[in-house]
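Report on one structure; see the data block that follows.
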Amino acid sequence: MSRKFFTTAERVLLVRMFQDIEHPFCVQHREGEYCIDFAFLNEKVAIEVDGPVVSHPKQFQKVCERDANLHNDSWKVFRFTDSEVIHNVESVVEKIKNEVDWRHLEKEYGELL
């Protein structure tokens, strides 16, 4: 189920990713039964920005199952808290950029790496 609004942390991250990452990505991408906050489709990198609800045991279990299912389909899932994004967006974007760049290179030049 996709939402029609962004949290403050999602807006902050969205702006920085547009500025700092050259690879295309989708916002609120539907992947099977899941909706990924930000998805780099070619590189299969999923970015999730988690609010406080994820800390509840039932929700946390669902998130773990979801991540495992995405991982089994070759996705790399990054999870960042709202606080992480708001207070350290540079570091968050750097982690994302490094993974997306590496997966892009692997896809393009895999047999040479």
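The values are calculated or read from the model by the stated rules, or taken from the named source; none is laboratory data. Bear in mind that the values here come from a model prediction, so they are computed numbers and not experimental data. Cβ: placed from backbone, ideal geometry, glycine included. Neighbour counts: every protein chain shown.
Among residues of region 64-77 that are closer than 10 Å to VAL45 by Cβ and in contact (Cβ under 8 Å) with a residue 40 or more places away in the chain, those with a Cβ under 9 angstrom from a residue that is assigned to a strand (DSSP E or B) and of a type outside the set (S, T, N, Q), sequence gap 6+ or separate chain, pair up as TRP75/GLU31; TRP75/ILE36; TRP75/ALA39; TRP75/VAL45; TRP75/ALA46. When you scan region 32-39, do you find a residue that is free of Cβ contacts under 8 Å to residues at least 24 places away in the same chain, outside any helix (DSSP H, G or I) and charged (D, E, K, R), even just one? Yes, the conditions are met somewhere in region 32-39.
It is to be established whether one or more residues within region 51-60 are aliphatic (A, V, I, L, M) and modelled with pLDDT of 90 or more. Before the answer, list the steps.
Residues of region 51-60 that are aliphatic (A, V, I, L, M), as a first pass: 53-54.
Right, trim to modelled with pLDDT of 90 or more and you get none.
Within region 51-60, none of the residues are aliphatic (A, V, I, L, M) and modelled with pLDDT of 90 or more.
Residues that are surrounded by 11 or more Cβ atoms within 10 Å (Cβ to Cβ), in a helix (DSSP H, G or I) and among the aliphatic types (A, V, I, L, M) within region 69-113 comprise LEU70, VAL85, ILE86, VAL89, VAL92, VAL93, ILE96, VAL100, LEU105, listed in sequence order. Name the residue that is modelled with the lowest pLDDT, counting only residues in region 1-23 that are surrounded by fewer than 11 Cβ atoms within 10 Å (Cβ to Cβ) and outside any helix (DSSP H, G or I). Step by step, filter region 1-23, then rank; the result is MET1.
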